Every structure is written in C-alpha cells, then in structure tokens.
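Student: Here it is, the structure in full.
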Amino acid sequence: MTTESMQEHWQQLVTVALLGTDRRDPPNPPGPLADLVADTARSSPSERMLAQVAACTAVRRAGVVPGPVLDEIVVPDTDARPMCVPAAVERWHHITASWPVLEDEWMLTLIGNGWRIAPELLPAMLLRHRSDPVRRTRVMVGAGDAGRWLVGHLADLEPRHSAVSVTPEALSELPELPIAPELAEMLDWPGAEAGAVLAQSIEAGSLGQSHKPMLVNLIARVRPDALRVLADALNSVDPMATGHGLATVLVDLATTRHRMLEELMR
Amino acid sequence: MSAAQSLATPTRWSQLGADRTGVWGSFQGSGAEPYDTMVDHARLGFACSCPSRQTPCKHALALLLLWVRGQIADTVAPSHIEAWMQRRGAALSRAAAAADNEAGELSGGGNATGKPDATDGSGATLDGAVIGDEQPAPPTPPPDPDRNTARDDRVARMHAGLAELDRWLDDRIRTGLADPSLARYATWDQLAARLVDAQAGSLANRVRRLAGLVGASPDWHDDVLAELGMLHLLAQAGRRIGALPDSLADAVATTVGWQVRQADVLAGVPDTDEWLIAGRSDVREDRIEVRRHWLRGVNSGRWALALSFAAYQQSLDTSLPVGSSLRADLHRYPGPALRALVGTRYHDPVDHPSVAAQFAASACSIADGCAEVGVMVAAEPWLDRVPVTVHARLARAGQAWALADSTGSMPILDLGTRAFDAGVAMLLAVSGGKPVDLTVEWTPHGVVPLSIHLPDRTVDIGPRANTSFVSAA
C-alpha cells in the first residue's frame, strides 16, 4: 500500500466523517488495512468507520516520511566583526528586564568597539524597537547584513513606520538623563568619594526612595572607572538602615554597568 | 523507604493502634479522605486505601516504622481491623491447605510439613518474616482482598468510562463532524468531566485539547478525525488491557490516566547515564503550565522526558539548563514510556565543548529522523510529541517553513497567521539559513524547533511560558 493510496483512502474517510455514517457508509479499507480492521464483531457502519480511522491514523503517523527536498534559501553576507560574548548576551537580557536605562550604552559600546550583535538577540531587539527609528537603526548597524536579511524573511520584524532619516549624531550619542544639580556634580568624582557621600546620605536618610530615579540616572552616567568602588561603598550601607534596600538596588545597577562595559571592551 | 520515613510522624496519623498481630492507623494525605492503613506484622500482610500499586506502600512502611520505634500504643483492634485480620487468617489457611495438597501430590517435594521450606541457613522463618540483605527474598504475600477491591473498583470505573467514551465517539461518527454541537466547548467539556470521574484524567486532557482543534484551521476536520481515531484506539486498548503484553498495558494505562505515584516510580530500577539536556518546551494545558525537558542518554542513546508543572504564580523547574549534560539516575514510568523522574544527580549540569560535540554526534538526517520518530510512534501510536535531533537547514515550502536537507523535509508546525513564531525567527537568525544541529519535537501537525546546538553553545528556542502566569519561565 503506497503513501498516495493511504492518503486517498484517508480523504474518503474524512468525507464520510463530515457527513456521518448515518448518511454514508464508510469506504472499504484497501489492502493490508482491511486485514488490520477485519473484525466481524464490528457490525455497525460507525464502528467499522472508527476502526478504520484509528488504524489509518496510526499507520500514517508511524509511517512518517520526509517531505520533498526543498531549495536552499539565500544566506546573508558574512560579517567579519566578532560576535559579542555570551556573557554580553545574558547581560542584555538582564538590562532590558531590570535596567533599561543602560540599553543605549550597551548598544553604542558594542558598535563602538567593533562587535557584532549575537544572532540570538536579533529577533527580540528588532521586535522591541519596531517603533523607535534611532534604536532600530543602531540594531541594524550592530547586526550588519544579517539584520536586513532577517527582516526580509519575517514581516513581523519590519518597522512599524516607513523609513525615517536618523542623523549620525542621534545614532552615536547617549540620550541625556535628568539628574539633580547637587547630584550631577558627582558625575566626575572618583568612585570612592562619590560612593562615600551616597552611602552616608542613604544611611542618614537624606537620600531615599523618592530620589531613586535621579540616583539611577547618576549611576547610569557616572565615570565608568568609578563604578566598582562606588558599588563597594554602597554595599557597606548598614543593613539595619532604612535605605539599605535602595543601596542594594543601586549596587546591582553599578555592578551591572561595570560588567557590561568590561564584557564589551576589546 | 525514604518516602516512608517522611511520613513516619505521629502527628500526621490518627486512630493509631497495635496489638500482637497487627498495627493500624489513618494517614491524612493530599486527598480529602484519609488513607486507612493496616499491617499484619505477624504474618506479613498489608492493606491501604491509597491508590498506590506498590506493595507495601509507603504508608504501610511508615506505620511499621512508627510501631518499631514504640510510637504506637497497644490497644484493642476496631471491628474493621478485626474483620480484616479474620479474612486474612482464613485466606492464609486456605492457601496453606492448598499447598499441603500440592505437596502431597508431588510426594516427596518440599519438607516434612509439605509447606514451602520456611527456614534458611540463618534460621529465619517465614512466620518471623525476617527480611534482610542476606536473607533470600520471602515468598510474595497472598494478595490482599481489601486492597484488590479498591483497585478493582478503580478499574471498573475506568472501564465504564472508556465504554462511555467509545459510545460518544460512535455518536459523533454517526452524526458527522459537520454537526454544530461540535463547535460548542461544552460538548467536549462534559465528556472530559465524565472521563475525570472515571479516573481517565489524561484522556480528559486529550479531549479538551481536541476541542481547541475545532475550527482552528481550514483542515480541522482532518485533525479532529485523526484524534477521534486515537481516542477510539485508546478506549479499545484500555478495555482490553488485561489481554495486552505487560509493557504495552502499562503504556496504555499511563496514557489513559492511571495515576502512578512518584514514590513508586522512584522506587524502580534507575536508568543511569550521562544525560544531554537536549530541549525544552512549555505548553499551557488548561490552567497548568507544563514544561517538558527532553533528555538523551549519551551511552544508551535513549530519550527521556522530565515534566514539571506550575499553576498560576508557581515556578517551573529551572534545574535542567538546555545544552548541558548531567550524570543522573532517571526512573522511568511503567511501560516503554519516555516519561521519567530525575533521581540522584551525581553532579551539577555541565556545559563545555565536549557536550556540544555529543549533540553533534547524535544529530541525524531528515530521513533518519523520520525513521526514528516512526519507530517510537509505531510502539505507541497515541504519542503526540516525540523528540529528535537532526542536522538540517530552514527552507520555504510555499508560505510555510520547513526543515530540509538532501534527504527531504519536515514541515514546521504552523502557529497560524496571527502568531509571531519566535522559534522560527530564532532559528532563522541563529542559523543564518545554513545547516545546523537542532533538537525538535515532532508532532502530527509539524515539528517544533526546541534548541540549536552550535559548536560553542546551545541556544534554547523552545516555546516559553508567559512570565505573567508562572515564574522561572
């Protein structure tokens, strides 16, 4: 019994099943299938039909055969840039889930240091920035030809709006973040000094949860070489202090940014 | 025994008591009704109202542990315990008489009493029932009438449920799939509820999934008819379970929904190997998120399936990272089932280049992959997910995607026009259209890509649970 004759018989069964055996008798099973379902105990048309359907389904599923050989699809051009390391991939997931304020810096550092975006990040990045021409353009720069190729195959990844021109400045500059003037002066301080002031202020309660957005922005833009010492200082906040929770959150931000920059250095 | 030890706490028991022949008590398990457990410690017999097929069950062992620790006071046996003891005494007497007769007929076989030789070299007697590593295994205790009654009741209910399922299928086939009642969820849900009552929970889940196929695609009649055929096959096999070979009978029982307790599975012989964690997929089934981890033995080449479940706000298992390998004992469910529980782990999952090489070594062509799937489905035609690792590239088959190589192609499961297929997007991005090693789940409607095995890493691309429903997704 060939795959074609089994398929033909199955189509006959589907037709009878649609109408019901009250209206049409089941077809006679062909060849070996007849032996499989031969049973005088099955007297009614519906019982004979069910037996055929079960046997035919089992045979079709167990007899799974490959479909036709298909043409290869055109592959994208090779990108000579090295792919970013797996730790950077994990970091991007952490950043987008917890510290989106760092995402622009992640992308600009990657592009600036000559890395290529890991392909497993591309679908998520292209979906995430369908409506943001600046960030989407950065993704396409970081992805190279693979980005254009992927979008060409999957309409779901196309941008929501028609092409918008993006200036080179907008592409390469980090967006400005609002930081209170009394905190902004710390942007250029050494890590130990900035860390000590922040830790003392948090411990004393003069910086609290209401200041969190400003503190997040500060740490997202503070000198990169200050991050590790800053994190150490914030880590020393008294666990009994009311600001300990805030300090812990800021330690994670500082550590995340420090590691992000290390992973994307070359 | 380890399962029993955690239950051997007096606070979890009520109506505890013992006398010179027996020990008894009621254990409050996860069900609404407590399990009544009785042990004949003098003549070695057990009875428990729990559904475990293990003899003795963990409740009986826990009861014995409490008794040997002196945590059960002597008291007068309640009437139902006394009745059970009397029934046991009568049954044992009949068995002894039958053995006497048989020994007499054999004239000269056995010992002077005609009973089985109850002594071994150390002098332990059958009555004393000393069970130790050095002792020969004692004869199997006679079947317990009460325990068998409970099981028989369950089997009878299941048989009745399967008969009702077959009648329902027969009605559907008579009236036809164009019958508008099939479009109503209640039509399916009522049948599913009756199957749950009949202890056929797995079939009930299958029926509810089937309800979702009605009208879901232009070819839905085709898909629904095939599933009705599988339900008929299972209903027929379930009703003839006693006539099936043991292994197939176990497979049918598990597929129909016969509950096997985890402790019983863990008590089985382990399948020890270095297990490659080849793929993962999360699927919402009713109100439960089900995570499937597909593992493949490096030495045996055998597949195994580890399941975890999470209801709303609960966590799925994250201890089996895809792309790593783990030396562990797997305990398989009865029959040829792929499903297993992970027992002892001999180390944490490791992820190094040799693991990637092992994945590459296990990958086969599309044609060989189809043959591998066919073998597994021929053994259990009702399987609706089968894993396979192939070396293939993405290709277009009209508007749909497929995996292909020089031996043929396999269609990728089409999620419909409205769903963004993250798996295909990831496969396309990571492979760049070139051939890769990948683990997929075969389903009757197409394959689901689960993971891509690259020389330096494995990328997990399987369907992932919604984090707003369960955590650790």
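Student: So, restricting to helices (runs of 4 or more DSSP H) that lie completely within region A:163-266, which ones have at least 1 residues that are hydroxyl-bearing (Ser, Thr, Tyr) and over 30 Å from A:Pro133 (Cβ atoms)?
Tutor: In region A:163-266, the matching helices (runs of 4 or more DSSP H) lie at A:191-204, A:244-263.
Student: Can you pull out the residues in region A:142-154 that are more than 10 Å from chain B (Cβ to nearest Cβ) and crowded, with 18+ Cβ neighbours inside 10 Å?
Tutor: Matches in region A:142-154: A:Gly142, A:Val151.
Student: Can you work out which of the residues in region B:12-52 that are farther than 23 Å from B:Ala83 by Cα and modelled with pLDDT under 75 is surrounded by the most Cβ atoms within 10 Å (Cβ to Cβ)?
Tutor: We begin by selecting, within region B:12-52, every residue farther than 23 Å from B:Ala83 by Cα; these are B:12, B:29-32.
Of the ones still in play, those that are also modelled with pLDDT under 75 are B:29-32.
Working: B:Gly29: 16, B:Ser30: 4, B:Gly31: 10, B:Ala32: 6.
Once the filter is applied, the top-ranked residue is B:Gly29.
Student: Still on this structure: For residues that are buried (at least 19 other Cβ atoms within 10 Å of the Cβ) and either of a type outside the set (Val, Ile, Thr) or touching a Phe, Trp or Tyr at 6+ places or on another chain (Cβ under 6 Å) (or both), tally how many sit in region A:222-257.
Tutor: Of the residues in that region, 14 qualify.
Student: For the subset of region A:155-178 comprising residues that are more than 24 Å from the chain's Cα centre (by Cα) and surrounded by 11 or more Cβ atoms within 10 Å (Cβ to Cβ), which member is farthest from B:Trp401 (Cα to Cα)? Outline the logic, then answer.
Tutor: So the first thing to find is which residues in region A:155-178 are more than 24 Å from the chain's Cα centre (by Cα), and the list is A:164-170, A:173, A:176-178.
Those still in the list that are surrounded by 11 or more Cβ atoms within 10 Å (Cβ to Cβ) too: A:164, A:166, A:170, A:173, A:177.
Values: A:Val164: 31, A:Val166: 34, A:Ala170: 38, A:Glu173: 40, A:Leu177: 44 Å.
Residue satisfying both the conditions and the ranking: A:Leu177.
Student: Here is a follow-up. Could you list all residues from region B:49-63 that are in contact (Cβ under 8 Å) with a residue 60 or more places away in the chain and either more than 27 Å from B:Thr254 (Cα to Cα) or of a type in the set (Gly, Ala, Ser) (or both)?
Tutor: B:Ser49, B:Ser52
Student: Going by the conditions given, is B:Ala253 surrounded by 19 or more Cβ atoms within 10 Å (Cβ to Cβ), within 18 Å of the chain's Cα centre (by Cα) and touching a residue at least 12 places away in the same chain (Cβ under 8 Å)?
Tutor: yes
Student: So how many residues does region B:402-411 have that are more than 7 Å from chain A (Cβ to nearest Cβ) and either touching a helix residue (DSSP H, G or I) at 6+ places or on another chain (Cβ under 6 Å) or surrounded by fewer than 20 Cβ atoms within 10 Å (Cβ to Cβ) (or both)?
Tutor: Of the residues in that region, 1 qualify.
Student: Taking the condition buried (at least 16 other Cβ atoms within 10 Å of the Cβ), of a type in the set (D, E, K, R) and more than 30 Å from A:Val249 (Cβ to Cβ), does A:Arg23 pass?
Tutor: Against the criterion (buried (at least 16 other Cβ atoms within 10 Å of the Cβ), of a type in the set (D, E, K, R) and more than 30 Å from A:Val249 (Cβ to Cβ)), A:Arg23 does not qualify.
Student: Would region B:347-356 turn up any residue that is facing chain A (nearest Cβ under 8 Å) and not charged (D, E, K, R)?
Tutor: no
Student: Is there a residue in region B:390-401 that is surrounded by fewer than 20 Cβ atoms within 10 Å (Cβ to Cβ), modelled with pLDDT of 95 or more and more than 9 Å from chain A (Cβ to nearest Cβ)?
Tutor: yes
Student: Of all the residues that make up region B:154-167, how many are surrounded by fewer than 20 Cβ atoms within 10 Å (Cβ to Cβ) and not β-branched (Val, Ile, Thr)?
Tutor: Qualifying residue count for the region: 9.
Student: Next up: Please give the strands (runs of 3 or more DSSP E) falling wholly within region B:289-360 in which 2 or more residues are farther than 18 Å from B:Leu450 by Cβ and touching a residue at least 40 places away in the same chain (Cβ under 8 Å).
Tutor: B:325-332, B:340-345
Student: Still on this structure, please answer the following. Looking at B:Leu454, is it among the hydrophobic types (A, V, I, L, M, F, W, C), within 10 Å of another protein chain (Cβ to nearest Cβ) and buried (at least 16 other Cβ atoms within 10 Å of the Cβ)?
Tutor: On the way: among the hydrophobic types (A, V, I, L, M, F, W, C): yes; within 10 Å of another protein chain (Cβ to nearest Cβ): yes; buried (at least 16 other Cβ atoms within 10 Å of the Cβ): yes.
In short, yes.
Student: Given the options B:Ala379, B:Ala422, name the one that is more than 7 Å from chain A (Cβ to nearest Cβ), small (Gly, Ala, Ser) and under 32 Å from the mean Cα position of the chain (by Cα). Full working, then the answer.
Tutor: Values: B:Ala422 fails: more than 7 Å from chain A (Cβ to nearest Cβ).
Being more than 7 Å from chain A (Cβ to nearest Cβ), small (Gly, Ala, Ser) and under 32 Å from the mean Cα position of the chain (by Cα) holds for just one of B:Ala379, B:Ala422, which is B:Ala379.
Student: If only one of B:Val386, B:Val430 is touching a helix residue (DSSP H, G or I) at 6+ places or on another chain (Cβ under 6 Å), at pLDDT 95 or above and more than 21 Å from B:Arg206 (Cα to Cα), which one is it? Explain how you work it out, then say what you get.
Tutor: On the way: B:Val386 fails: more than 21 Å from B:Arg206 (Cα to Cα).
Exactly one residue qualifies, and that residue is B:Val430.
Student: Only one residue in B:Arg167, B:Arg174, B:Arg157 is in contact with an Asp or Glu (Cβ under 9 Å, 6 or more places away or on another chain), in a helix (DSSP H, G or I) and closer than 19 Å to A:Val53 by Cβ. Which one?
Tutor: Going through B:Arg167, B:Arg174, B:Arg157 in turn, just one is in contact with an Asp or Glu (Cβ under 9 Å, 6 or more places away or on another chain), in a helix (DSSP H, G or I) and closer than 19 Å to A:Val53 by Cβ: B:Arg174.
Student: Checking A:Gly114 against (1) free of Cβ contacts under 8 Å to residues at least 60 places away in the same chain; (2) at positive phi, which test does it fail?
Tutor: The single condition A:Gly114 does not satisfy is (1).
Student: Take the conditions more than 30 Å from B:Thr407 (Cβ to Cβ), away from every other protein chain (no Cβ under 11 Å) and modelled with pLDDT of 95 or more and apply them to A:Ala88. Does it pass?
Tutor: Yes, satisfied.
Student: While we're on this one: For region B:162-185, which residues satisfy the criterion of being more than 22 Å from B:Val214 (Cβ to Cβ) and out of contact with any Lys or Arg (no Cβ under 6 Å at 6 or more places or on another chain)?
Tutor: Selection gives B:Ala163 alone.
Student: Can you find a residue that is modelled with pLDDT under 95, surrounded by fewer than 18 Cβ atoms within 10 Å (Cβ to Cβ), away from chain B (no Cβ under 13 Å) and assigned to a helix (DSSP H, G or I) anywhere in region A:40-61?
Tutor: No.
Student: Please find, within region B:215-245, the residue that is nearest to the other protein chains (Cβ to nearest Cβ) out of those that are in contact (Cβ under 8 Å) with a residue 60 or more places away in the chain and among the small types (Gly, Ala, Ser).
Tutor: If we take residues in region B:215-245 being in contact (Cβ under 8 Å) with a residue 60 or more places away in the chain and among the small types (Gly, Ala, Ser), then B:Ala226 is nearest to the other protein chains (Cβ to nearest Cβ).
Student: Now for a separate question. Taking region A:2-37 only, how many residues are in contact (Cβ under 8 Å) with a residue 24 or more places away in the chain and among the aliphatic types (A, V, I, L, M)?
Tutor: Residues flagged as in contact (Cβ under 8 Å) with a residue 24 or more places away in the chain and among the aliphatic types (A, V, I, L, M) within region A:2-37 amount to 5.
The values are calculated or read from the model by the stated rules, or taken from the named source; none is laboratory data. Bear in mind the structure is a predicted one, so any value in this text is a computation, not a measurement. Neighbour counts are summed over all protein chains in view; Cβ atoms, including those assigned to glycine, are modelled from backbone coordinates with ideal geometry.
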